[in-house]
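No value in this document is a laboratory result; all are computed from the given coordinates. Quantities reported herein were computed from a predicted structural model and do not represent experimental measurements. All Cβ positions, glycine included, derive from the backbone under ideal geometry; neighbour counts span all protein chains shown.
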Amino acid sequence: MKRLFATLALPTALALGTLSLGVAAGPAGAEQAHATKKAHTWHGKVGKLNETIGTTESFNLIVGAKTYVVQYDAMTHGVMGSKKSLKVGALVTVTGTLTHSTIAAAKLSA
């Protein structure tokens with residue numbers, strides 16, 4: 001009887017156990033990675049000032065060969081004095097989180 005249990009039930013239980021563990025750990029790992037986004041800092045030049053959409057303003061930031069869209073609003077900490085300091089070709093430092101090619105700015109410095 002013990003041998004029958006060892007040959008049939010044990011491998012089946014292990015297989016089912018590993019399947020349920022993989023399914024449970026998959027989405028939780030993805031949520032954890034999403035929740036722990038860290039802020040980074042980029043230094044570059046303003047390429048183009050985009051139109052204001054509601055309360056969010058944006059501009060293109062050129063860093064080396066890459067171009068990012070930086071979105072900022074009234075809650076963004078600005079070290080630049082006023083938004084009039086943002087002009088095409090101005091050197092800026094942006095601290096924020098990157099999603100695809102869009103940076104949600106937490107701090108702007110020009």
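Could you work out the relative contact order of region 40-109? I mean the mean sequence separation of Cα pairs under 8 Å and 6+ apart, divided by the number of residues, in percent.
Numbers: 147 pairs, mean separation 25.1, N = 70.
Over region 40-109, the number comes to 36 percent.
What residues have an amide H closer than 5 Å to that of Asn50, excluding those fewer than 5 places away on the same chain, when H is modeled at 1.01 Å from N in the peptide plane?
Long-range HN contacts for Asn50: Ser58, Phe59, Asn60.
So for His43, His100, fewest C-beta neighbours within 10 Å to most, what's the order? Walk me through the numbers before you get to the answer.
Details: His43 12, His100 7.
If I rank by nearby Cβ atoms, fewest first, I get His100, His43.
Cα-Cα over 27 Å: which of Lys37/Lys87; Lys37/Lys84; Lys48/Lys107?
Details: Lys37/Lys87 29 Å; Lys37/Lys84 30 Å; Lys48/Lys107 19 Å.
Result: Lys37/Lys87; Lys37/Lys84 exceed 27 Å.
Could you compute the net charge surrounding His100? Neighbours are other residues with a C-beta less than 15 Å from the C-beta of His100; K and R count +1, D and E count -1. Don't skip to the answer; put the middle values down first.
Values: positive: Lys37, Lys66; negative: none.
Net charge in that neighbourhood comes out at +2.
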